[in-house]
Amino acid sequence: ANNKGLFMDHIIISAFGADKPGIVSHLTGAITNHGGNIEESRMIKLGSDFTTMILVSVSADWTESLTVALGGIQGLQISIQKTSPFTMEATIPQCEIHLSGADNEGLVHKVAERLAEKGINIEEMETGTENAPISGTILFTMTARVSHPELDIPRLENDMNELADKLGVEIRTS
């Protein structure tokens, strides 16, 4: 008997193109029509373009035809990568880092470099700009979720405070 249908592929779909109404509808339609299930996604307009990353589980029998269908969507550059299913490792401590301050070149790199030196993994990061409440000057903001098997939060706070002083920004952990 053919049991291939029991096997699921987990794929990451990355799509990029000029922003216009209907992109999400086309992508999700193709996924749904091929029996795919969206497990996690991030979608955002950056400049005048739209970009998305979608984690999909789909029957191994349908992966190839889903790939072909996605490739047929006009105006999008699409890449597909197989991945392993996420397993919740509740034992790995996590922490959030929030940075805000004047937008200076290299802020993200300097924070990422300090975390990498300590073997701390960045699970998720979001950056942007906003107007400061009173002065209206532009503030750079960053929120990162980080993890490490032996996360020492007081030490991380000290490292981030030291870095914040050096960079002239505010960094808090939560």
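The values are calculated or read from the model by the stated rules, or taken from the named source; none is laboratory data. Given the structure is predicted, the values throughout are model-derived calculations rather than measurements. Please note: Cβ atoms are built from the backbone with ideal geometry, for glycine as well, and neighbour counts cover all protein chains shown. Areas reflect the complete protein model, heavy atoms only, side chains present, ligands, DNA and RNA absent. Shrake-Rupley method; radii C 1.70, N 1.55, O 1.52, S 1.80 Å.
What the table shows:
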{"quantity": "Filter pass, Arg145 being out of contact with any helix residue (DSSP H, G or I) (no Cβ under 9 Å at 6 or more places or on another chain) and assigned to a strand (DSSP E or B)", "calculated": "yes"}
{"quantity": "Close pairs from the range 112-126: first closer than 7 Å to Val146 by Cβ and among the acidic types (Asp, Glu), partner open to solvent by less than 80 Å² (accessible area, probe 1.4 Å) and in a strand (DSSP E or B), Cβ under 9 Å, at least 6 apart", "calculated": "Glu123/Ala144; Glu123/Arg145; Glu123/Val146; Glu123/Ser147"}
{"quantity": "Near pairs, Cβ below 7 angstrom, 6+ apart or cross-chain, from the range 149-174 (assigned to a helix (DSSP H, G or I)) to any residue that is open to solvent by 90 Å² or more (accessible area, probe 1.4 Å)", "calculated": "Asp159/Lys118; Ala164/Glu170"}
{"quantity": "Restricting the range 106-144 to residues that are small (Gly, Ala, Ser) and surrounded by 11 or more Cβ atoms within 10 Å (Cβ to Cβ), the residue that is nearest to the chain's Cα centre (by Cα)", "calculated": "Ala144"}
{"quantity": "Pick from the range 149-169, criterion under 23 Å from the mean Cα position of the chain (by Cα) and modelled with pLDDT of 95 or more, ranking: surrounded by the fewest Cβ atoms within 10 Å (Cβ to Cβ)", "calculated": "Leu156"}
{"quantity": "Enumeration of residues in the range 95-105 that are within 19 Å of the chain's Cα centre (by Cα) and surrounded by 15 or more Cβ atoms within 10 Å (Cβ to Cβ)", "calculated": "Cys95, Ile97, Leu99"}
{"quantity": "Tabulated pairs, the range 9-34, first without any contact (Cβ under 8 Å) to a residue 12 or more places away in the chain and farther than 10 Å from Leu70 by Cα, second assigned to a strand (DSSP E or B) and among the acidic types (Asp, Glu), C-beta under 6 angstrom, 6+ apart or interchain", "calculated": "none"}
{"quantity": "Subset of the range 25-47 [surrounded by 14 or more Cβ atoms within 10 Å (Cβ to Cβ) and more than 28 Å from Thr87 (Cβ to Cβ)]", "calculated": "His26"}
{"quantity": "In the range 66-111, the residues that are closer than 30 Å to Leu163 by Cβ, in contact (Cβ under 8 Å) with a residue 12 or more places away in the chain, assigned to a loop (DSSP other than H, G, I, E, B) and among the aliphatic types (A, V, I, L, M)", "calculated": "Ile92"}
{"quantity": "Members of the range 48-57 found to be more than 22 Å from Gly17 (Cβ to Cβ) and surrounded by 16 or more Cβ atoms within 10 Å (Cβ to Cβ), listed by number", "calculated": "none"}
